1. Using the structure shown, decide if Leu72 is modelled with pLDDT of 95 or more, surrounded by 24 or more Cβ atoms within 10 Å (Cβ to Cβ) and in a helix (DSSP H, G or I).
2. Inspect the range 178-193 for any residue being within 25 Å of Pro48 (Cβ to Cβ), loosely packed, with under 15 Cβ neighbours inside 10 Å and modelled with pLDDT of 95 or more and give the result as yes or no.
3. Could you say whether any residue in the range 200-208 is in the same structural domain as Ala140 (by TED's automatic domain parsing) and surrounded by 24 or more Cβ atoms within 10 Å (Cβ to Cβ)?
4. Among the residues in the range 302-315, are any touching a strand residue (DSSP E or B) at 6+ places or on another chain (Cβ under 7 Å), more than 28 Å from Gly181 (Cβ to Cβ) and free of Cβ contacts under 8 Å to residues at least 60 places away in the same chain?
5. Can you tell which of Gly122, Gly107, Gly54 is touching a Leu at 6+ places or on another chain (Cβ under 8 Å) and at positive phi?
6. Residues in the range 117-130: is at least one of a type in the set (Val, Ile, Thr), in contact with an Asp or Glu (Cβ under 8 Å, 6 or more places away or on another chain) and either at pLDDT 95 or above or under 25 Å from Ile238 (Cα atoms) (or both)?
7. Only residues in the range 262-275 that are over 16 Å from Glu295 (Cα atoms) and modelled with pLDDT of 95 or more count as the first member; pair them with residues that are crowded, with 17+ Cβ neighbours inside 10 Å and not β-branched (Val, Ile, Thr), Cβ under 6 angstrom, at least 6 apart or cross-chain, and list the lot.
8. Would you check if there is a residue in the range 297-315 being among the polar types (S, T, N, Q) and either under 16 Å from the mean Cα position of the chain (by Cα) or buried (at least 24 other Cβ atoms within 10 Å of the Cβ) (or both)?
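The values are calculated or read from the model by the stated rules, or taken from the named source; none is laboratory data. Computed from a predicted structure; not experimentally measured. Positions of Cβ are generated from backbone atoms using ideal geometry, with glycine treated the same way; all protein chains shown enter the neighbour counts.
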Amino acid sequence: MGPRTSDLGLSDEHRQLRELAHRFTEERIVPHAARWDRDEAIDRDLVPALGEVGFLGLGIDEEYGGSGGDHLAYCLVLEEVARGDSAVRGIISVSLGLVGKTIFKHGSEKQKRRWLPGLCAGELVGCFGLTEPGTGSDAASLATRAVRDGDDWVLTGTKVFITNGTWADVALVFARTGGPGPKGITAFLVPTDSPGFTAREIKGKLGMRGQATAELTLDGVRVPDESRLGEEGTGFRIAMASLDRGRMSVAAGCVGAARGALEAALKYAKEREQFGKPIAGFQLVQELLADMAVETDAARLLTWRCADLADRGEPFSTEASMAKLYASEAAVRVANNAIQVFGGYGYVDEYPVGKYLRDTRVTTLYEGTSQIQKLLIGRALTGINAFV
């Protein structure tokens, strides 16, 4: 059961792109997702394959190696990919969405030429270094420092829960160059082969197990001033703008995971028989399926509204928080209901619904917890800042 989109007037290009993403997911992701989950490792050769079909260059101009397209195109691809494996969606969301698009928007011409062609082609991978062991939701209090030394900066600190961390060739690192608070933070593009830069993979995650998640240590890492992204002191603003786009991409991925769980549950309910008929014929099972379908479609529409605002150049920060909040929480509920439809079979990884639940659970935590999204929405509604 796929989304019904004709009433909203997707262009032929959008439909063709979605079909390409659907085929790619069926051929290159779905057959391997369970193995990647068990092995805690996605096949590395998938990254250049994602680049080859243009999924790592969406929204970036062709002159920098990108494949163009708008925010809606990006959301369509992420939904399809996440239906196959949310861990793969995460690779795209971070390397392209949080790193590539941030370089494209804020980087110098030299920085764009250096990093974007490789990121778009999947020859290079990026990671986003904001979260620290002591600062998650309160990112403005980060402790990693960058000290000026002549024409260079010397970075020291630790980042944690960094998607793509052990795969990355470049880390977008946020470090304190001034006083306390958000105005003292600056962004840097740090090559991961720099002396003093180390990455340790975090194993044993509940979900997103195929994705490389790492702790990064910067021990006197020296970078030239030309590695600074944007002006000194603008790093926090850059990070928050990046996370607005990131929340839209997480929401799109949650729609895909919810849709995958719904499709699996619907297929199973039509095949599984109890009391002499398919369980899809029982009203309480239909109630579960109906709730799942409504929540999936509602999450998609919130996400597409966000993409539409972004494509028209209008502010979308609050709408991104709404989409991310609803879609992440809905995806967890949909996946949980899918397990209920499957019964005991949903509890073993021979079937995909348990993985959908484990993978979606983290989406209520990263790129701003559900509680942080509510505070952001509340601030937009009331004009009162609950963070201070």
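1. Values: modelled with pLDDT of 95 or more: yes; surrounded by 24 or more Cβ atoms within 10 Å (Cβ to Cβ): no; in a helix (DSSP H, G or I): yes.
No.
2. Residues of the range 178-193 that are within 25 Å of Pro48 (Cβ to Cβ), as a first pass: 189-193.
Now drop any that are not loosely packed, with under 15 Cβ neighbours inside 10 Å, which leaves 193.
After this cut, where a residue has to be modelled with pLDDT of 95 or more as well, the list is 193.
Yes, the range 178-193 contains at least one residue that is within 25 Å of Pro48 (Cβ to Cβ), loosely packed, with under 15 Cβ neighbours inside 10 Å and modelled with pLDDT of 95 or more.
3. Kept after step one, since they are in the same structural domain as Ala140 (by TED's automatic domain parsing), are these residues of the range 200-208: 200-208.
Of the ones still in play, those that are also surrounded by 24 or more Cβ atoms within 10 Å (Cβ to Cβ) are 208.
Looking for residues that are in the same structural domain as Ala140 (by TED's automatic domain parsing) and surrounded by 24 or more Cβ atoms within 10 Å (Cβ to Cβ), one finds at least one in the range 200-208, hence yes.
4. Filtering the range 302-315 down to residues touching a strand residue (DSSP E or B) at 6+ places or on another chain (Cβ under 7 Å) leaves none.
Within the range 302-315, none of the residues are touching a strand residue (DSSP E or B) at 6+ places or on another chain (Cβ under 7 Å), more than 28 Å from Gly181 (Cβ to Cβ) and free of Cβ contacts under 8 Å to residues at least 60 places away in the same chain.
5. Details: Gly107 fails: at positive phi; Gly54 fails: touching a Leu at 6+ places or on another chain (Cβ under 8 Å).
Answer to the check: Gly122.
6. To start, the set of residues in the range 117-130 that are of a type in the set (Val, Ile, Thr) comprises 125.
Filter once more, so that each one left must be in contact with an Asp or Glu (Cβ under 8 Å, 6 or more places away or on another chain): 125.
Checking which are either at pLDDT 95 or above or under 25 Å from Ile238 (Cα atoms) (or both) leaves us with 125.
Looking through the range 117-130, at least one residue is of a type in the set (Val, Ile, Thr), in contact with an Asp or Glu (Cβ under 8 Å, 6 or more places away or on another chain) and either at pLDDT 95 or above or under 25 Å from Ile238 (Cα atoms) (or both).
7. Note: pairs meeting the criteria are Tyr268/Phe342; Ala269/Ala280; Lys270/Ala280.
8. Yes; the residues of the range 297-315 include at least one that is among the polar types (S, T, N, Q) and either under 16 Å from the mean Cα position of the chain (by Cα) or buried (at least 24 other Cβ atoms within 10 Å of the Cβ) (or both).
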